[in-house]
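Below: one structure, written as structure tokens.
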Amino acid sequence: MKHFRKHLIWILALPVACVALMGFKGDDRNFLMSKHLDIFHAVFRELDMMYVDTFDVAEVVNGGIHSMLSKLDPYTVYYPEEEDEDLQMMMTGKYAGVGAIIRYHKRHDRVVIVEPYEGMPALSAGLRAGDVLLSIDGDDLKGLPVDKVSEKLRGESGTTLVVKALREGVADSILELKLTRANIALPAVPYYSLLADGTGYIILDSFTENCARDVRLALIDLKNQGAQRLVLDLRGNGGGSLSEAVDIVGLFVPKGTMVVYTKGKVAQSSQSFKTRREPLDLTMPLVVLVDGQSASASEIVAGAIQDLDRGVIMGQRTFGKGLVQSVRELPYNSSLKLTTSKYYTPSGRCVQKIDYFGGKSADTTATAKKIFYTRVGREVEEAGGIAPDVAIEAERLPNLLYYLASSEELFDFATEYVRLHPTIAPVDEFVVSDSLYEAFKAAVKASDFTYDRGSEKALKALEEMAEFEGYKENASEEFAALRKKLSHDIEHDFVYFDQKIRELLADELMVRYYYQRGGIVQAMKSDSVLVRARQLLADKAGYDAKLKP
């Protein structure tokens, strides 16, 4: 009746023709949908009947679907039945396989083991970092890319596979190992510990199934050990489950506290999410570390902790993903991961940075920043992502470090070092000696290692512009001198970046001997942001000041 009266008022107030057009707005959309679906079906029918060659039906249709979704946001993705395993792994962090990180090795033209996970089939069967995969179940792997080898390694839990691998050494040996695939659950909390100053430290890598339980257990253990304050590290955490994020916030705020709410097109997409359990600690000083890769669920946690004045956010502005996805089941066991709403922090902020409306990406940080207020009245911005309470500029690593980190020179040097040194000092005691550093430098110099230098690129661009504007000829001597000074000089670079290269080498070796935990502990030694967090927590007055208007 109310709907009828509304239209009656319009009829009395406006020309009948105008009302008729408005009344058919919904019908027009339905007509357009039907029209274009008919056209799509007709195009496909003509292709099937008349196209000169026979084509792959699934490939063509899937291509059409992916093209359609590309006009929306990048998080709305179609998963055909054969990709369901990828979807489940993304949602749960679990998959069935052998449990190892692999990479392509150019010199061997094969995939090699980079890091076997502790307690998983690859390591239990005897595979080690540096082993070159030759075949799986008799299939030669030469030239196969990483994704194809990964497909062969994965499978149903309990199934077996036979792997042949080359282990280089004084006498190269061919290993033939039988592995039994198992469910691989990537740990959401790969590390936590009580630091020397009484600070508890928890790293949360992802918001997968049961991660809130893992954080809860870690926090209980830390409190039992005597933790007086806490650092929760969300750096590099790309997010995941919204409900897990709510439960993690619930560890620190009263039961029934609203953590996040969503707004969508349909009623079920607009919800308010409150904490469901009694908290573990309402008063323990808390610092949450974030960076530009902290996204989605990480931003829910950081945004809620900030808005509720429960802790201090430290680091760099977060990624800015405020879109919520739901998985919708489709015919024939296919699925659609679909963006259904945007999420908002308790103060009312939406942290979404990019506006994908109409298939165009626009940075919302370019628009005027909107100001909101935390529970105690602190100003917080809505400008894409969560701006930290304590901003720390991201460290700028030189190109050399990026190229070395992914180089075969570093990988092969570590492999040979481990072969020659079965044991090594514990992580807390290990240091890269001068002799070890010189050996690594010699290995790099003896190889054909090269990398792009920013200064060389800039000089080349300057020369091209000078030539275009007619100045290069007069400055040819100066350009030649600069080119000589800016050319590759490994000896100079290893001196100039001595400390950073030592840290990189130590990290590679610690992962080889002590796996993921070893790499984390080694990285903590030079983690300046963690040092800043511990200093703030130790300064009660400074910490309290950050949480006041």
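Before moving on, here are some points about what is shown:
- Breaking point among (1) in contact with a Leu (Cβ under 8 Å, 6 or more places away or on another chain); (2) surrounded by fewer than 18 Cβ atoms within 10 Å (Cβ to Cβ), for V531: (1)
- Filter result for K106 (modelled with pLDDT of 95 or more and surrounded by fewer than 18 Cβ atoms within 10 Å (Cβ to Cβ)): no
- Criterion applied to E156, E209 was being closer than 30 Å to L530 by Cβ, modelled with pLDDT under 95, assigned to a loop (DSSP other than H, G, I, E, B) and not aromatic (F, W, Y), and the one residue passing it is E209.
- Residues being among the acidic types (D, E) and closer than 19 Å to L87 by Cα - total across segment 292-343: 1
- Search result, residues across segment 437-459 that are outside any loop (DSSP other than H, G, I, E, B), farther than 21 Å from D498 by Cβ and at pLDDT 70 or above: none
- Some residue of segment 125-135 being in contact with a Gly (Cβ under 7 Å, 6 or more places away or on another chain), outside the structural domain of D412 (by TED's automatic domain parsing) and under 25 Å from V418 (Cβ atoms): no
- Residue within segment 159-169 that is closer than 16 Å to A297 by Cβ and either in the same structural domain as R419 (by TED's automatic domain parsing) or surrounded by fewer than 19 Cβ atoms within 10 Å (Cβ to Cβ) (or both) present: no
- Answer residue from segment 276-293, given it is part of a loop (DSSP other than H, G, I, E, B) and touching a strand residue (DSSP E or B) at 6+ places or on another chain (Cβ under 6 Å) and is nearest to V529 (Cα to Cα) among those: D291
- Pairs, first surrounded by 12 or more Cβ atoms within 10 Å (Cβ to Cβ) in segment 54-72, second part of a loop (DSSP other than H, G, I, E, B) and of a type outside the set (D, E, K, R), C-beta under 8 Å, six or more apart: N62/P80; L69/T76; L72/Y356
- If you go through segment 78-100 and pick out every residue that is hydroxyl-bearing (S, T, Y) and modelled with pLDDT of 85 or more, you end up with 2.
The values are calculated or read from the model by the stated rules, or taken from the named source; none is laboratory data. Here the structure is a predicted model, which is why all the values come from computation and not from measurement. All Cβ positions, glycine included, derive from the backbone under ideal geometry; neighbour counts span all protein chains shown.
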